[in-house]
Amino acid sequence: MIHYDFSGQAAIVTGGTRGIGRAIAESFLAAGARVIATYVGNETAAAAFREANRAHAERLDVRKCDVTDYGQTEALFKALEQSCPAGIDILVNNSGIRRDSILGMMKPEDWRAVLDVNLNGTFNMTKLAVLAMMRKRYGRIVNITSPCAHFGFPGQANYAASKAGQIGLTRSVSKEVATRGITVNCVSPGFIGTDLIKDLPDKLRQQYLDQIPLKRFGNVDEVAACVLFLASKEAAYVTGTVLEVTGGL
């Protein structure tokens, strides 16, 4: 097993206090990184996350930031110029929401909300990260997408569109910044045991489980391990790609 060493590096994980984002943030902390974990409104989860990681308090910065608001993301990066004078090395765009409905019944505001968080939020954070990383000629950006981008599950047209957009953004930006030592990749988790799928009806959950060749849902640590690989110096020749973590879906 590879044990990564991120000592001296700073990593931003959006949506980093719950679920997959929390596992990613905690994995970076365990590997020695300074972690900036953002959240948008769940103060209880943010407090619990901070408390659970008191042992790493000197390397953990939990910040409230709405990634859909360009002004807030800009203010975040401005503040980090002071607290992380060596710059940001890693960005993980993990913030995401679902508001499922068949398209004919989908509320326009639900379409916009999902695109705003999942895709526009990725744009806001990636743009600012690229500007910061270009100055130091090094960086790792990992976008958390979904196999829904390829399969287009019923009732998730907004989610699928946002995740397909993330993949397109990843491939374009990876070509723009490659000569600056910055890699941009996606990790695509399948059905992972988090709150994001717990609200699915039992019948639908079983249907999804039946599609997975490994016959189980994944866990958050399996996703985090893949993110750490793509964020590592060892992954310097991997860019513009999508790493599927789906159990063979």
Restricting everything to alpha-carbon atoms, can you work out Rg to Rh for region 15-142 with a Kirkwood hydrodynamic radius? 1.00
Could you calculate the contour length gain from Glu51 to Val238, that is, 0.36 nm times the residue separation minus the distance between their Cα atoms, to one decimal place in nm? 63.8 nm
So if I take the centroid of the Cα atoms in region 14-70 and the same for region 194-249, what is the distance between those two points in Å? 20
So Leu103 and Arg137, fully extended at 0.36 nm per residue minus their Cα-Cα distance, gain in nm 7.9 nm
Taking the simple approach of a point 7 Å from Cα along Cα-to-Cβ for both Gln82 and His150, what is their distance in nm? 4.5
What's the angle, to the nearest 10 degrees (0 to 90), between helix 43-52's Cα axis and the longest principal axis of the chain? 60
If the limit is 23 Å between Cα atoms, which of Lys175/Lys233; Lys64/Lys136; Lys136/Lys175; Lys64/Lys175; Lys127/Lys233; Lys127/Lys175 go over it? Lys64/Lys136; Lys64/Lys175
Order of 203-214, 7-18, 116-127 by packing, highest average Cβ count within 10 Å first? 7-18, 116-127, 203-214
Would you kindly calculate the translational diffusion coefficient of the chain, applying Stokes-Einstein with the Kirkwood radius from alpha carbon pairs, for 4 °C and a viscosity of 1.567 mPa s, and quote it in µm² s⁻¹ without decimals? 71
Give the value in nm², to one decimal: projected area of the alpha carbon convex hull of region 126-185, averaged over all directions. 3.9
Equivalent ellipsoid, region 180-249 (semi-axes from 5 times Cα gyration tensor eigenvalues, Å): 29, 11, 10
The answer for Ala37, listing residues at least 5 apart or on another chain whose modeled amide H is closer than 5 Å to its amide H, is Val13, Asp61, Val62, Arg63
Length gained, Glu176-Thr44, 0.36 nm per residue minus C-alpha separation, equals 43.6 nm
Size of charge dipole - region 112-249 - debye, nearest 20, with Cβ of Lys, Arg +1 and Asp, Glu -1, no other charges: 560
Long-range amide H contacts for Ile97: which residues qualify at under 5 Å (H placed 1.01 Å from N, peptide plane, sequence gap of 5 or more or a different chain)? Asn118
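No value in this document is a laboratory result; all are computed from the given coordinates. Since the model is a prediction, treat every value here as computed from it, not as a measurement. Please note: Cβ atoms are built from the backbone with ideal geometry, for glycine as well, and neighbour counts cover all protein chains shown.
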